[in-house]
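Worksheet: the structure to be examined is printed underneath.
The values are calculated or read from the model by the stated rules, or taken from the named source; none is laboratory data. Quick caveat, the model's predicted, so the values are computed rather than measured. All Cβ positions, glycine included, derive from the backbone under ideal geometry; neighbour counts span all protein chains shown. Side chains included, ligands, DNA and RNA excluded: accessible areas come from the protein's heavy atoms. Shrake-Rupley method; radii C 1.70, N 1.55, O 1.52, S 1.80 Å.
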Amino acid sequence: MAELDVRLWRGDGAGRFERYRVPRRANQTVLDVVTWVQRHLAPDLAYRFACRVGMCGSCAMTVNGRPRWTCRSHVSKVVKDDRLEIGPLRNLPVIRDLAVDMSGFFDKWQDARGRFAGTADRHQRPAPIDATSPARRQADAAIECINCAVCYAACETVAWRPGYLGPAALNRAWTLAQDERDGDGAARRAALGADDGVFTCHSHGACSEHCPVGLDPAGSIADLKRWALFGG
Ligand code: FES
């Protein structure tokens, strides 16, 4: 039977790759490979997944050097010479094996003021939103982010400057800057213009290149830079 030569990260941030032989199967995903190792060879292997269909964002890992969802990555598309190297996401502290600590990533959503602050109370009628307007359609697309942190792991600026808010939190802030019902614009503009905010981005574009759902955080950040300077 054909086999894959799989190297999996074991241990904490100071760990190492360990080798496993995994049977190759038709239509096998990278997550299937990790699960096979956990079930047959390494029951103590730590990793995350939930939906297995690209909806929850919890299964992201580094596969042959590139961050991606493992449940939606077919081995046949990513394998190199029957070899797979699977590690934890970059730019996040490793808890153990393939599981990273996401708390800093989500703290940055708070730092970017990535939550809706309504201005109406429950006695007012909901604000009419034109769902067909170009601005609304653009914001709707960016709202599809499922917080998988693939863009964050791909970002060279986060790697170089760990305090940088990063593409996911800024993309979320951008959707709120587009929302005329939101009343937190002044505070958000101040937060985004501060150190480690939007102007730290070097526009490499790795976030948009790697986003598994085809979002454009780099475009959101470029727009936020204008918004943070001039309003809108
Ligand atoms: Fe949910 Fe992969 S397990 S996105």
Considering only protein heavy atoms, what is the solvent-accessible area of S203 at a probe of 1.4 Å, reported in Å² to the nearest 10?
80 Å²
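Quick one: compute the contact order of the range 122-185, relative version, from alpha carbon pairs under 8 angstrom and 6+ residues apart, as a percent. Can you show the working numbers first?
Details: 32 pairs, mean separation 20.9, N = 64.
Relative contact order comes out at 33 percent.
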Normalised convex hull volume, the range 74-128, alpha-carbon set, Å³ per residue
183 Å³
Per-residue ³J(HN,Hα) for the range 66-81, Karplus 6.51 cos²θ - 1.76 cosθ + 1.60, θ = phi - 60°, Hz, x for Gly and Pro:
10, x, 6, 5, 7, 6, 10, 9, 6, 3, 4, 8, 10, 6, 10, 6
I'd like to know which of F106, Q38, C201 lies farthest towards the positive end of the charge dipole of the chain, counting +1 on Cβ of Lys and Arg and -1 on Cβ of Asp and Glu.
Q38
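Add -39500 (n - 2.57) for each DSSP H run of 4 or more in the chain, then divide by its residues: what number comes out at 222 nm, to the nearest 500 deg cm²/dmol? Don't jump to the answer; show the numbers that get you there.
Details: 10 runs with 82 residues, N = 232.
The helix contribution divided over the chain gives -9500 deg cm²/dmol.
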Given a 1.4 Å probe and the protein chains all in place, what does the accessible area of C71 round to, in Å² to the nearest 10?
10 Å²
Would you mind calculating the gained length between R21 and H123 on full extension (0.36 nm times residue separation, minus the Cα-Cα distance), in nm to one decimal?
30.4 nm
With springs only between Cα atoms under 10 Å, which of P212, P162, P134 fluctuates most in a Gaussian network model of the chain?
P134
For the chain, take the longest principal axis of its alpha carbons; what is the angle in degrees between that and the long axis of helix 217-230, to the nearest 10 within 0 to 90?
30 degrees
Cα-based Rg (one decimal) and Dmax (whole number) for the chain, in Å?
19.9, 68
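What does the charge count near F106 come to, summing +1 for each Lys or Arg and -1 for each Asp or Glu among other residues with Cβ under 12 Å from its Cβ? If you can, show how the numbers build up before the last one.
Details: positive: K108, R115, R172; negative: D101, D107, D111.
My count for the surroundings of F106 gives 0.
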If you plug each phi of the range 152-168 into the Karplus form 6.51 cos²θ - 1.76 cosθ + 1.60 with θ = phi - 60°, what whole-Hz ³J(HN,Hα) values come out, in order, with x for Gly and Pro?
5, 5, 7, 6, 5, 5, 4, 4, 7, 9, x, x, 4, 4, x, x, 5
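Heavy atoms only, probe 1.4 Å: what % of the accessible area of the chain goes to carbon and sulfur, would you let me know? Working shown, then result.
Values: 5990 of 12140 Å².
Reported share for carbon and sulfur atoms: 49 percent.
Would you mind getting the accessible area per residue of the chain, heavy atoms of the protein chains only, 1.4 Å probe, in Å²? Numbers along the way, then the final one.
Values: 12140 Å² over 232 residues.
Result: 52 Å² of accessible area for each residue.
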Yeah, the range 129-224 with a ≥ b ≥ c from its alpha-carbon gyration tensor (a/c under 1.5 is rounded, else prolate when a/b outruns b/c, oblate otherwise) is oblate
If the label point sits 7 Å along Cα→Cβ of V53, residues of the range 13-44 with amide N under 19 Å come out as 27-32
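Stretched out fully, how many nm does the piece from N64 to R161 gain, at 0.36 nm a residue minus the Cα gap? Write out the running numbers ahead of the final one.
Numbers: separation 97, 0.36 × 97 = 34.92 nm, distance 2.38 nm.
Result: 32.5 nm gained on full extension.
V22: net charge of surrounding residues, Cβ under 14 Å, Lys/Arg +1, Asp/Glu -1, itself excluded?
Details: positive: R7, R19, R21, R24, R25, R39, R83; negative: E3, D5, E18, D32, D82, E85.
My count for the surroundings of V22 gives +1.
For the pair D82 and F106, what calculated FRET efficiency results from E = 1/(1 + (r/R0)^6), where r is the Cβ-Cβ distance and R0 = 35 Å, to the nearest 0.05?
Values: r = 37 Å, r/R0 = 1.06.
Calculated value: 0.40.
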